[in-house]
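Step one of this worksheet: look at the structure below.
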Amino acid sequence: SFGMASRFIKTKGHKLLIECFENLPSNILLKFVGTGDDEKELKKILIKKNIKNIYFEGYVEKNNMSNWFNSIDYYIHISDGETMSLSIMQAMAMGKVIIASNVSGIKNIITHKYNGYLVENTKSNIIKMINNIKNYQDQNFIISNNAKYFSKKNFDIKVTEQKYKDLIYKLFDEKYFS
């Protein structure tokens, strides 16, 4: 199964993913978690088109996200752009194989075929990747480990704290000692 955690807003690719999964076999599942302005509209599409392989699981508390990530095989994140996606960082830390949009804010943390897969936001490209991802098991194992390593190296709280300290000291030095 696949999953996406995000707010339900126009700039996220929920509608495009619904169109993709509508054209996939019914045993390929998609789970959405989150809330947002577009949630009702998206649910209406599922009812109108009688789509049975997509589930809205609502809001998940932060301390339960690891359980949710463990309930999916692959993380998919389709979006028009991101600033810094916490969901992708969480998926990486959990060692999930990620399919994500090749857009700014995502492509600066995912390197295609190194720690995830990047796709263009077209129905045909996304469907092709979803259909093929299970054929890449050896590569997926490496990608999963690379994602965990990248996450620990770049997003660990101690690493992040040190980066902020370094930035603050640099800004302080530039302001007062230049």
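Scanning segment 116-158 for residues that are open to solvent by 90 Å² or more (accessible area, probe 1.4 Å) and of a type in the set (Val, Ile, Thr) yields ILE142, ILE157. Only one of the numbered conditions (1) outside any strand (DSSP E or B); (2) at pLDDT 95 or above is not met by LEU118, and that is (1).
Only one entry in THR11, THR35 is closer than 29 Å to THR83 by Cβ, in contact with a Phe, Trp or Tyr (Cβ under 7 Å, 6 or more places away or on another chain) and among the β-branched types (Val, Ile, Thr), namely THR35. Applying the set (1) open to solvent by less than 20 Å² (accessible area, probe 1.4 Å); (2) closer than 24 Å to ASN125 by Cα to TYR55 leaves exactly one unmet item: (1). For segment 101-115, state whether one or more residues are open to solvent by less than 50 Å² (accessible area, probe 1.4 Å) and closer than 16 Å to SER1 by Cα. No: segment 101-115 contains no residue that is open to solvent by less than 50 Å² (accessible area, probe 1.4 Å) and closer than 16 Å to SER1 by Cα. Filtering segment 6-50 to residues that are part of a loop (DSSP other than H, G, I, E, B), open to solvent by 20 Å² or more (accessible area, probe 1.4 Å) and either closer than 21 Å to ALA91 by Cβ or hydrophobic (A, V, I, L, M, F, W, C) (or both) leaves ARG7, ILE9, THR11, ILE28, LEU29, THR35, GLY36. Against the test of being farther than 20 Å from GLY13 by Cβ and in contact (Cβ under 8 Å) with a residue 40 or more places away in the chain, the options ASN146, ASN140, ASN121, ASN131 yield a single qualifying residue, ASN140.
How many residues does segment 33-88 hold that are without any contact (Cβ under 8 Å) to a residue 12 or more places away in the chain and over 26 Å from ILE143 (Cα atoms)? Full working, then the answer.
Of all residues in segment 33-88, those without any contact (Cβ under 8 Å) to a residue 12 or more places away in the chain come to 40-41, 44, 47-48, 50, 61-64, 67, 86.
In the following step, the residues that additionally are over 26 Å from ILE143 (Cα atoms) were identified as 40-41, 44, 47-48, 50, 61.
So the answer is 7.
Would you confirm whether any residue within segment 160-176 is assigned to a helix (DSSP H, G or I), at pLDDT 85 or above, open to solvent by 60 Å² or more (accessible area, probe 1.4 Å) and of a type in the set (Ser, Thr, Tyr)? No, segment 160-176 contains no residue that is assigned to a helix (DSSP H, G or I), at pLDDT 85 or above, open to solvent by 60 Å² or more (accessible area, probe 1.4 Å) and of a type in the set (Ser, Thr, Tyr).
The values are calculated or read from the model by the stated rules, or taken from the named source; none is laboratory data. All values derive from a computational prediction rather than experimental measurement. Note that we place each Cβ from the backbone using ideal geometry, even for glycine, and neighbour counts take in every protein chain shown. These area figures cover heavy atoms from the full protein model, side chains too; ligands, DNA and RNA do not enter into them. Shrake-Rupley method; radii C 1.70, N 1.55, O 1.52, S 1.80 Å.
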